[in-house]
Amino acid sequence: MIQTLPIPHPASFIDAAVAGTIIEYAAAAEQLQHLHPEQVSVIHQQKWLKLFVPVTFGGLQLSLPEALQKEEGLAWADGSTAWTVTLCSGANWFVGFLDPTLAKELFSNPQVCLAGSGRATGKATDLGDAYEVTGHWNYATGGFMATAFTGNCVIEKDDQPLQNNDGSPVIKSFVFLRKEVSLHPTWKTIGMIATASNSFGVQRLRVPKNRSFIIAGASAILQLPVYMYPFQQLAEATLAVNSSGMAMRFFDLCQPANHGTNAITLSLDRWMTGHTALQTARNDFYTAIDQSWRAHLLQQREQEQLLNAVANASRNLAAIARQSVDEIYPYCGLQAANPATEINRVWRNLHTASQHSLLLM
């Protein structure tokens with residue numbers, strides 16, 4: 001089990017040489033508008049897209065606390081790399097819910113990468129022995145290297161939307177092979193440029209029934225603890241550590257001790273105030289995660305209360321990461337406003353990531 005208080009610097013969660021490669025190609029990746037081939041090579045070598053994938057499928061099979069540390073370390077190195085790993089490893093987490101035959105087919109590829117969207121912007125018509133799917137999904141992070149895509153769909157039958165017992169629409173997730181989707185270059189943002197979070201779609205695509213799945217602990221096919229942990233809190237936590245990792249990188253880059261007296265006007269006291277607030281939020285977050293994960297493994301009754309604590313700690317961490325950076329940004333000089341500098345790229349990446357709705361208080 002991980003140490004929680006005080007939680008170490010994110011750089012300690014990733015091998016220095018590996019981090020160096022990720023950092024070295026970050027600027028070039030932004031120019032390419034997708035991750036650099038050297039970064040992609042490292043991702044596959046380190047099996048980062050398989051953080052939650054079982055060893056039997058060639059994965060690392062990490063616990064949630066272990067995976068969060070890895071993602072935060074990556075975010076400290078480069079936001080676009082970390083965001084891509086986080087979103088794609090999160091999609092690869094779906095292996096726990098897929099039909100076994102389909103899972104074996106997809107994950108026989110050592111470079112398997114699922115990309116997709118959680119929005120239910122597709123329609124799937126139940127034909128009895130198959131589904132006919134039409135839909136368009138935005139923000140498929142990592143789609144440039146995806147081997148398959150996932151998208152949520154509202155289910156219809158006989159031209160009528162199906163409903164759950166509470167009257168809500170029936171929604172299922174679907175897997176589409178890369179050759180079945182059309183990609184659209186719609187990713188236009190100030191930051192996270194190298195994530196290539198473009199959109200994709202399918203039109204009247206007929207897929208077998210085993211391409212659909214339901215994301216819920218009760219529907220898990222693989223009986224491992226990480227697939228029983230609620231997806232909502234897992235998603236919130238993985239996104240939050242991206243913000244904290246990038247914020248810590250920003251603080252490292254603008255630390256007064258690293259600059260000449262004329263480089264920036266940031267005082268050490270002001271830097272320490274922000275850094276302490278961020279570190280405190282990190283400590284609180286990892287404490288909440290550790291307690292929740294322990295209770296989850298032991299199936300303790302107070303797990304719901306602890307899950308609420310994870311949700312609150314995740315949102316607070318993301319908020320403190322953004323606020324603490326913004327409070328010192330004006331004192332970092334014009335280098336912080338120059339798109340060619342690393343510190344500006346970190347700032348742009350952090351503020352693009354902050355637009356994700358799960359991170360809002």
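For the reader, a short list of remarks on this structure follows.
- Condition check for Ala281 on (1) open to solvent by 40 Å² or more (accessible area, probe 1.4 Å); (2) assigned to a helix (DSSP H, G or I); (3) closer than 18 Å to Ser243 by Cα; (4) of a type outside the set (Phe, Trp, Tyr): one failure, at (1).
- Selection over the range 119-141 of residues that are open to solvent by 70 Å² or more (accessible area, probe 1.4 Å), among the hydroxyl-bearing types (Ser, Thr, Tyr) and over 24 Å from the mean Cα position of the chain (by Cα) gives a count of 0.
- Output for the range 142-168, where each listed residue is hydroxyl-bearing (Ser, Thr, Tyr) and open to solvent by 30 Å² or more (accessible area, probe 1.4 Å): Thr147, Ser168
- Index of the failed condition, Glu66 passing every other in (1) within 20 Å of the chain's Cα centre (by Cα); (2) open to solvent by 60 Å² or more (accessible area, probe 1.4 Å); (3) over 26 Å from Ile289 (Cβ atoms); (4) among the acidic types (Asp, Glu): (3)
- Residue that is nearest to Lys123 (Cα to Cα) [pool: residues in the range 169-192 that are hydroxyl-bearing (Ser, Thr, Tyr) and surrounded by fewer than 19 Cβ atoms within 10 Å (Cβ to Cβ)]: Ser182
- Matching residues, the range 193-203, being farther than 16 Å from Leu350 by Cα and open to solvent by 10 Å² or more (accessible area, probe 1.4 Å): Asn198, Gln203
- Qualifying positions in the range 91-113 - surrounded by fewer than 24 Cβ atoms within 10 Å (Cβ to Cβ), closer than 16 Å to Val226 by Cα and among the small types (Gly, Ala, Ser): Gly96
- Among the residues of the range 314-361, those identified as under 17 Å from the mean Cα position of the chain (by Cα), of a type outside the set (A, V, I, L, M, F, W, C) and not in a helix (DSSP H, G or I) are Ser354, Gln355, His356.
- Ala235 open to solvent by less than 40 Å² (accessible area, probe 1.4 Å), over 30 Å from Pro100 (Cα atoms) and among the aliphatic types (A, V, I, L, M): no
The values are calculated or read from the model by the stated rules, or taken from the named source; none is laboratory data. Nothing here was measured: the structure is a model prediction, and the numbers come from that model. Methodologically, a virtual Cβ is constructed for each residue, glycine included, from the backbone with ideal geometry; neighbour enumeration extends over all protein chains shown. Just the protein is used for accessible areas: all its heavy atoms, side chains included, with ligands, DNA and RNA removed. Shrake-Rupley method; radii C 1.70, N 1.55, O 1.52, S 1.80 Å.
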